[in-house]
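Okay, so here's the structure we're looking at.
The values are calculated or read from the model by the stated rules, or taken from the named source; none is laboratory data. Note that the structure is predicted; figures quoted are calculated from it, not measured. Please note: Cβ atoms are built from the backbone with ideal geometry, for glycine as well, and neighbour counts cover all protein chains shown.
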Amino acid sequence: MNPKIILVTGGAGYIGSHTCVALAQAGYRPLILDNFSNSKTSVIDRLATLMGDPPLCVEGDIRDAALIKKIFHDYCCESVIHFAGLKAVGESVKQPLQYYDVNVAGSLTLFAVMKDFGIKHLIFSSSAAVYGEEKEPPLHEESLLHPVNPYGRSKLMVEEILEDLYHMDSHSSIVRLRYFNPIGAHPSGLIGETPSGVPNNLMPYITQVAVGIRKKLSIFGNDYPTVDGTAVRDYIHVMDLAEGHVAALQKTERSSGLSTLNLGTGRGSSVLELVEAFEAATGKNIPYEIVARRAGDVAACWADPSAAQKQLGWGATRDLRTMCADSWNWQLRASFII
Ligand code: NAD
Ligand code: WQD
């Protein structure tokens, strides 16, 4: 039997590329649609090495309805995993129109063509950012939704659009996944996260300090009411996240419905705990200084992942040490292969 083709928008990106590997391992054939605005075309060759076969790939934009129609004409595709989008919180404050255009209008274009072609299975990349500043851990899917920036609002808008689409067609099967803090990389070191410019996120900053690109880490605040004063987050290995998508896809194949699921580990780690775990896993010293809190940061945020466990039979298995070791392994190779 031919493997099922899954359209993976944004499949050349950080989470999308790891998910393509997990899909191939589970017997699916990913078809990547990506405009490479935040990824490199060379990832396709590296995916070919990891997957055994090159992934199908179309270069283009999710806002291009004619292109998506052509894809669904050319390939028999039952399911879509929709990663493509812009994800930098600070940038979204400066360029809200661009964020609503790509994240919301782009999603609408994709959903409209899916409807025309009768494609009813969809996994959507949402974010813990939909919970906003008032989050009180652990976060359950029913926790208050109050995004505090255009990025988070764009994700919540798409979640709400999907609710309306499900009510329009109750034979459809839609899973909205809210990711917490993905870090780590494929253990091969062939794919990983490549932020452009100065990293906003903690782990890429740590690995760049470790490799000597940056002098020291600035830790944003040590006066939070947490175990050591630094902020606490739910870091999850990107391969655990990728496997969560395969489990979500299999759920869409089993039954119709609309689900919203947190993908996290259920465990919080402070900034200092992550730094210490990185040093222990890699033997590298991470110089740091404590600076003022970053605007918009909450003290502590971690997931209640029990709904995903129950509905998908999925749970994160990789520990903080593995996340740190794999992030470092990727950082060491990244400058040579991308
Ligand atoms: P990423 O930037 O690495 O990947 C996104 C991919 O989408 C990139 O390859 C980019 O080139 C592509 N893309 C962007 N705009 C496009 C467009 N208009 N048309 C076609 N392709 C386009 O990001 P990621 O970390 O892999 O995140 C994937 C998804 O998960 C995003 O929707 C993001 O908002 C969401 N998410 C990410 C995180 C995180 O911390 N990384 C957390 C929660 C949710
Ligand atoms: C983690 C902790 C920082 C950098 C963001 C988005 C969220 C989601 C995941 C997309 C915080 C501290 C960081 C540094 C530091 N993305 N920090 N020094 O803010 O939890 O979540 O990424 O959906 O929407 O907001 O992740 O990695 O930026 O920060 O001290 O140089 O590390 O203050 O406490 P965050 P992060």
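Observations on the structure shown:
- Residues of the stretch 105-139 classified as modelled with pLDDT under 95 and either surrounded by fewer than 17 Cβ atoms within 10 Å (Cβ to Cβ) or more than 16 Å from ligand 2 (Cβ to nearest atom) (or both), total: 3
- Selection of the stretch 253-285 for residues being within 11 Å of ligand 2 (Cβ to nearest atom) and of a type in the set (A, V, I, L, M, F, W, C) yields VAL271, LEU272, LEU274, VAL275.
- Within the stretch 170-186, considering residues that are within 28 Å of ARG46 (Cα to Cα) and part of a loop (DSSP other than H, G, I, E, B), the one farthest from ligand 2 (Cβ to nearest atom): HIS186
- Here is the figure for the stretch 293-311: residues that are acidic (Asp, Glu) and buried (at least 16 other Cβ atoms within 10 Å of the Cβ) total 1.
- So SER92, is it within 18 Å of the chain's Cα centre (by Cα), closer than 24 Å to ALA26 by Cα, polar (S, T, N, Q) and surrounded by 14 or more Cβ atoms within 10 Å (Cβ to Cβ): no
- Test: residue in the stretch 84-92 that is assigned to a strand (DSSP E or B) and polar (S, T, N, Q): no
- Checked across the stretch 37-51, the condition of being part of a loop (DSSP other than H, G, I, E, B), out of contact with any Lys or Arg (no Cβ under 7 Å at 6 or more places or on another chain) and crowded, with 16+ Cβ neighbours inside 10 Å holds for at least one residue.
- Residue, surrounded by the most Cβ atoms within 10 Å (Cβ to Cβ), within the stretch 189-226, restricted to residues that are closer than 23 Å to GLY296 by Cα and hydrophobic (A, V, I, L, M, F, W, C): ILE206
- Set ILE62, ILE81, ILE32: member being of a type in the set (A, V, I, L, M, F, W, C) and outside any strand (DSSP E or B): ILE62
- Note on the stretch 109-124: residues that are of a type in the set (D, E, K, R) and part of a helix (DSSP H, G or I) amount to 2.
- Restricting attention to the stretch 251-289 and to residues that are assigned to a helix (DSSP H, G or I) and basic (Lys, Arg), the residue that is nearest to ligand 1 (Cβ to nearest atom) turns out to be LYS251.
- Residues located in the stretch 193-237, provided they are assigned to a helix (DSSP H, G or I) and within 12 Å of ligand 2 (Cβ to nearest atom): LEU202, MET203, PRO204, TYR205, ILE206, THR207, GLN208, VAL209
- Of the residues making up the stretch 1-27, those that are part of a loop (DSSP other than H, G, I, E, B), crowded, with 21+ Cβ neighbours inside 10 Å and more than 16 Å from ligand 2 (Cβ to nearest atom) are GLY11, ALA12.
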